[in-house]
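Data block below; observations after.
We did not get these values from a lab; they are worked out from the coordinates using the rules stated. Predicted model only: the values in this text are computed from it and were never measured. Neighbour counts are summed over all protein chains in view; Cβ atoms, including those assigned to glycine, are modelled from backbone coordinates with ideal geometry.
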Amino acid sequence: MRDVNLKPITALGLDLPQVVTLGRWTLTERTDVALASLAVRRGRLADVQALASAAGLPLPPAAMSEQGAVYAAFWVTPEMWFVEAPFASHEDIRRHLLAAFGEAASITEQTDAWVRFDLVGPGLAQVLERLSNFDLAAAPSGTATRTVLEHLGCYLIKRSETLVSLYGPRSSAQSLHHAWVVAAQSVL
Amino acid sequence: MTQSNRIAGGQIDRSQTFRFHFDGLPYLGHPGDTLASALLANGVRLMGRSFKYHRPRGPISAGSEEPNALVELRSGARQEPNTRATVAELFDGLTAQSQNRWPSLKFDALSINDRLNSFFTAGFYYKTFMWPASFWEKVYEPIIRRAAGLGSLTKLEDPDEYDKGFLHCDILIIGAGPAGLSAALTAGRSGARVILADEDFRMGGRLNAETFALGDQSGADWALAALAELASLPNVRLLNRTTVVGAFDHGIYGAVERVSDHLPVPLAGKPRQTFWRIYSKRAILAGGAIERPIAFENNDRPGIMLAGSLRAYANRWGVAVGDRTAVFTNNDDGLRTAVDLQAKGVDVVAVIDSRENSELLPGIRHLRGAEVTNSAGRLGLSQITVRMADGRTETLKVNALGVSGGWNPNVNITSHHRSRPVWREDIAAFVPGSGEIANLLVAGAAAGSLSTHGALVTGDEMARKALEGLGISAISAKLPKAEDAPVRIKAFWHVEGASRAWIDQQNDVTVKDIKLAHQENFTSVEHLKRYTTLGMATDQGKTGNVLGLAVMAELTGKSIPDTGTTVYRPPYTPVALGALAGRGRGHEFKPFRLTPSHKWAEEQGAVFVEVGYWLRTQWVAKAGETEWRQSVDREVLATRKSVGICDVTTLGKIDIQGTDAGAFLDKVYANTFSTLAVGKCRYGLMLREDGIVFDDGTTARMGPNEYVMTTTTANAVTVFRHLEYCRQVLWPDMDVQIISTTEAWAQFSVAGPNARNLLAKVVDQDISDAAFPYMGAGNITVGGLRARLFRISFSGELAFEIAVPTRYGDAMIRKLMEAGAEFDAVVYGTEALGVMRVEKGHVAGNELNGTSTALNMGLGKMVSRKKDSIGMLLSQRDGMTQADGLRLVGVKPANPAEALKAGSHFLKTGAAATAQNDEGWLTSLVYSPHLGHHIALGYLKNGASRIGEKMRAVNLLAGTDTEVEIVSPHFIDPEGERLRA
């Protein structure tokens, strides 16, 4: 093995994840979560459900997310989920999932396809209503949805009344971050 | 200046005084004032000049329907033209200027137009400026353009920010007068999510302008109490200063919130305005009614206004517009103005009532069966002429006149989906027609219930109806006792006279203009509007339209509804373009996509080019390089000599898995992929259904059921969308799963004779030609980190593309440059990339132009006929397969010292430069530093058979005509020895 030690940077181009506090809201870039897509091969839903259960991997219903002991998952389209896991232990998340699901599912690493921002604080809908047409206030906790922010296709997961995860295209992390900061300042 | 016309009462805060300027003169006002109310309080009636005749004008209303009192608000970059003084909220330090006058408001040179009015009748510009025709562009149009318009633009950039946003509710209530408040109380108490929006800064609607009691409270106090209760409900959102401007599809309404317009400068970080898109399940329009005037000669003088507005200024703002006032009315509501003003101590000289049998007002000179026939006063009203019932005329010295021709329910928004209003004879007005806007209900005066009691009751009723539709149990408010006077009106539209009587004051449309339109057969309501300009411009005919229709009805002998109806369109009131744009302007016009090497490239001083949202390195200038070509030539030569590195992350990458993945690719690609061996790549050509080339790229087989497709940067999204369509719609039974991985991997092309030597220092595996041959692909590791390697070449050199997870991309480019130092490695940008692909004869966007076939590109053999694929059949149709059709060729100047010009067309030597002689065109042009002259690719008729032929490349726009030689498109290494090295 070559003595090549590549040092990662965050989607915002920094050495460490950025945390920004604006009034009652905090915006944190999360680099500690590995992500993969898991799509059921044709006719293998029952197998996938059984294997997921054995692996402790939740498969939430449409438009929902669910946290397991190690894995979390959110629904993205029929018979397809995004699976989250701790980056430290599951950086090569595809390898872990292939071991669990074999040929029953198609699995693709998605960790660095996305930037994840966690938005924490009360009344997040006030900020989000300037960015997306997703009705955050009416959505129950656990809701996961695809929406558009700043012209970009994103996923939003309402984990609780005071915590929302935003997955957006990694290459546009700075634009998304800027849009959020500007929207929050509009409200404050 | 003192507030000479300020009287007692009103909902202004007299404990604070604001200083403001109009046309450079200082005035005083109070919080709660509008610019118009404050100017009127200071005795200023003259606020503007009319559009065409430059007649002196003052406000005729106290609301957003105002056609006259338009000013330029603020100064410098924040100056805003055509702002209605009647809704401009006063703030300390406000400055405003009158507009459409020169040199001053009191003396306007263009008021000469008024004396020449016989030349400026409706449609004058259709009949004049006709001869000589050559004068139009150079003489007439510039004059007309200079004269047209009202306010002026500063042409300075707007320094403020605007937001856009999305709101959701069960019930949107438009208007916070008695009907809107009643509806909001019922809906809010019942637990529905309610948005109550009102354009005014003080909610309450006419309750703030009237003296009626609601129960044991004044109307204004009841409104305050209702608003306090609504504000305490977590399910109710109150949006004052918010105008709902349009009804769109699926219960979506547009609304402009004027967040900071009442402040001198927006607070830091705050927008000036926010444009809301409101998603509602139900909507209740409670927009009230708008009073209309009666037309009579010279009815446009400052001091003449709508009677309801005259009393609104007195009751809400504590302003008597004049100290000697008269009222001209055809209905009982006009009488209220006289009563209220007299109660305020204003001298009410007379009430001129066009009805003969109305109930006599006690204590006021009530002239029944009378008409106002004319007015006088140079810059404002000083007297009116009244024709009594018996025919006598009398002149009355007055400086304020309230006119009431009745009230028009505010049907505007109900028309936005083309629903026609319906005429109601009993109130002499249009009411909303049966709604074409789904789930929109109408309450209060907007629905024709013109009493306060009617407003409260219908507001409650409509809220209950909306709640029922939503399955929410209604909890109604106990409604207070309120006035319930019937509408007593006798329709009366205009007083006959010889001179001009104004109908639409903003556009200077008079009764005479309507008569002229009728005389010239422009009787249809749509023609009437366009011929006379009735109802155009900022007020959209809110006060004039029905009056104009009524006059036309009289002339045609038809009823008003038979004459026609106006269909209002959004927006209800003017919307600033900034509000529509939101944050999307300048640097924030669109998001950017940054490549994994962006940070490093910025440090190197790279020049970036926008490719869609991407910012790609175009070239990286080194010290001493002053021209872009120097940098690009160096990057090309260094790459061909040793090794160059290019960030190619932007190419689309699509992960395709499933047991049918190979068969799926056989269908979407023109060539075959199911036979591709694991660990190999293949160039693929994708056609549209019509046989035209859609996209190209290489696809690698990473496992038995796993492929990675690459697309062009431009088509990354469209190809993915196309594949999703194919997978979900065309062949849903195939076992295929796809997902984009474009951003997941930082991918770098490493090209040049030393590419392998460089990479061998970085990767953990053997990548010799034997171990990793041309078109090889596989998962490798870089210092143990998972990575991918593809042996593919766009430059024609020995080349690889190496990919690592994106977060390591920055480190990877640094590592490659460090490892490449001994080989003098360079980074090359998109310009050098383009030069090398033309040198190699590879097609790109200029050739994949949406009209070219595989045959045109010289790739006809790639379209396999052994299998069915999208576009295969139609690529073989007549006209697509001519032997002498366009073919991709290389082009070089016959004299290498001569430059070629992009966009040139091919012509035979001696042929005239006409379209008939056009033989094709030059698609891509570069300077090849390797060859030392310009080279190009192009499409040429029968091109494959014309290698070696001399032709001309002619560009008529640039004025160039260059002799060229047609050559093979492969300028470098036509046998491919380099890339297989």
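General remarks:
- For B:V403, the amide hydrogen comes within under 5 Å of the amide hydrogens of B:M305, B:L306, B:A307, B:F328, counting only partners 5 or more places away or on other chains and with H modelled in the peptide plane.
- Exercise: per-residue mean of other protein chain Cβ atoms within 10 Å, A:129-139: 4
- The label point for B:R378 and the one for B:N895, both projected 7 Å from the Cα toward the Cβ, are 7.8 nm apart.
- With the simple spin-label model, which puts each label point 7 Å out from Cα in the Cβ direction, the B:A77 to B:V607 separation comes to 2.9 nm.
- Assuming charge only on the beta carbon of Lys and Arg (+1) and of Asp and Glu (-1), the dipole of chain B about its Cα centre is about 700 debye to the nearest 20.
- For segment A:33-111, the equivalent ellipsoid derived from the Cα gyration tensor has semi-axes of 17, 14, 11 Å, listed largest first.
- By the combined test of axial Cα extent (at least 18 Å) and Kyte-Doolittle hydropathy (mean at least -0.5), the qualifying DSSP H helices of chain B come to B:219-232, B:452-470.
- Average Cα contact separation per residue, chain B, under 8 Å, 6 or more apart, as relative contact order %: 9 percent
- Projecting the Cα atoms of A:G153, A:V187, A:A100 onto the dipole axis of segment A:75-188, where Lys and Arg carry +1 and Asp and Glu carry -1 at the beta carbon, places A:V187 farthest toward the positive end.
- Rg/Rh, computed from the Cα trace of segment B:652-740 with Rh as the Kirkwood radius, has the value 0.92.
- Remark on segment B:644-687: hydrodynamic radius 12.1 angstrom, per the Kirkwood mean of 1/r across alpha carbon pairs.
- Computed from phi, the 3J(HN,Hα) profile of segment B:800-806 under the Karplus parametrisation 6.51, -1.76, 1.60 (θ = phi - 60°) reads 10, 10, 10, 10, 10, x, 4 Hz, with x in place of Gly and Pro.
- Translational diffusion coefficient (Stokes-Einstein; Kirkwood radius from C-alpha pairs) of segment B:803-901 at 37 °C, 0.692 mPa s, in µm²/s: 185 µm²/s
- Tensor-based shape of segment A:115-160 (alpha-carbon gyration tensor, a/c under 1.5 rounded, otherwise prolate or oblate): rounded
- D (Stokes-Einstein, µm²/s), Kirkwood Cα radius, segment B:363-409, 1.002 mPa s at 20 °C: 179 µm²/s
- Stokes-Einstein diffusion coefficient of chain B, Kirkwood radius over Cα pairs, 20 °C, 1.002 mPa s, in µm²/s: 63 µm²/s
- In a reduced charge model with +1 at each Lys and Arg Cβ and -1 at each Asp and Glu Cβ, segment B:652-740 shows a dipole moment near 240 debye about its Cα centre.
- Per the Debye calculation on segment B:882-981 with a single equal scatterer at every Cα and no solvent contribution, log₁₀ I(q)/I(0) for q = 0.12, 0.14, 0.22 Å⁻¹ amounts to -0.37, -0.49, -1.12.
- Across segment B:864-875, coupling constants 3J(HN,Hα) worked out from phi with the 6.51/-1.76/1.60 Karplus curve, θ = phi - 60°, read 6, 9, 7, 9, 8, 8, 4, x, 4, 5, 6, 6 Hz, and Gly and Pro carry x.
- Relative to its residue count, the protein assembly as shown spans a Cα convex hull of 212 Å³ per residue.
- The H on the amide N of B:Q618, modeled in the peptide plane, is under 5 Å from the matching H of B:V607, B:F608, B:V609, B:T830, each at least 5 residues off or on a different chain.
- Within segment B:492-572, trypsin sites (Lys or Arg not before Pro) in DSSP loop having at most 16 other beta-carbon neighbours inside 10 Å: B:K558
- ³J(HN,Hα), Karplus 6.51/-1.76/1.60, whole Hz, each residue of segment B:590-604, x for Gly, Pro: 8, x, 10, 10, 9, 6, x, 9, 4, 4, 5, 4, 4, 4, 7
- Restricting segment B:100-155 to trypsin sites (Lys or Arg not before Pro) that sit in a DSSP loop and have at most 15 other Cβ atoms within 10 Å of their own Cβ leaves B:K106, B:K155.
- Kirkwood-type radius of segment B:518-636, with distances r between different C-alpha atoms, in Å: 20.1 Å
- Degrees, to the nearest 10: A:45-55 long Cα axis against longest axis of chain A: 80 degrees
- Within segment B:732-826: Cβ-based charge dipole about Cα centre, in debye rounded to nearest 20 (Lys, Arg +1; Asp, Glu -1): 220 debye
- Measuring against 30 Å, Cα to Cα, the residue pairs B:K270/B:K542; B:K590/B:K761; A:K7/B:K622 contain B:K270/B:K542; B:K590/B:K761 as the ones spanning a longer distance.
- Unit charges at the beta carbon, dipole of segment B:758-878: most positive-side option, B:G784, B:V763, B:T851: B:T851
- Helix-only mean residue ellipticity at 222 nm for the protein assembly as shown, each DSSP H run of n ≥ 4 adding -39500 (n - 2.57), per residue, nearest 500: -6000 deg cm²/dmol
- Amide H contacts under 5 Å for B:L931: none, restricted to partners 5 or more places along the chain or on a different chain, H placed in the peptide plane at 1.01 Å from N.
- Listed residues B:G535, B:N545, B:S499: farthest to the positive end of the dipole of segment B:483-553 (Cβ charges): B:S499
- Shown here: segment B:314-468, whose C-alpha atoms stretch 57, 34, 32 Å along the first, second and third principal axes, sorted largest to smallest.
- GluC sites (Glu not before Pro) restricted to DSSP loop in segment B:359-464 with at most 11 other C-beta within 10 Å: B:E425
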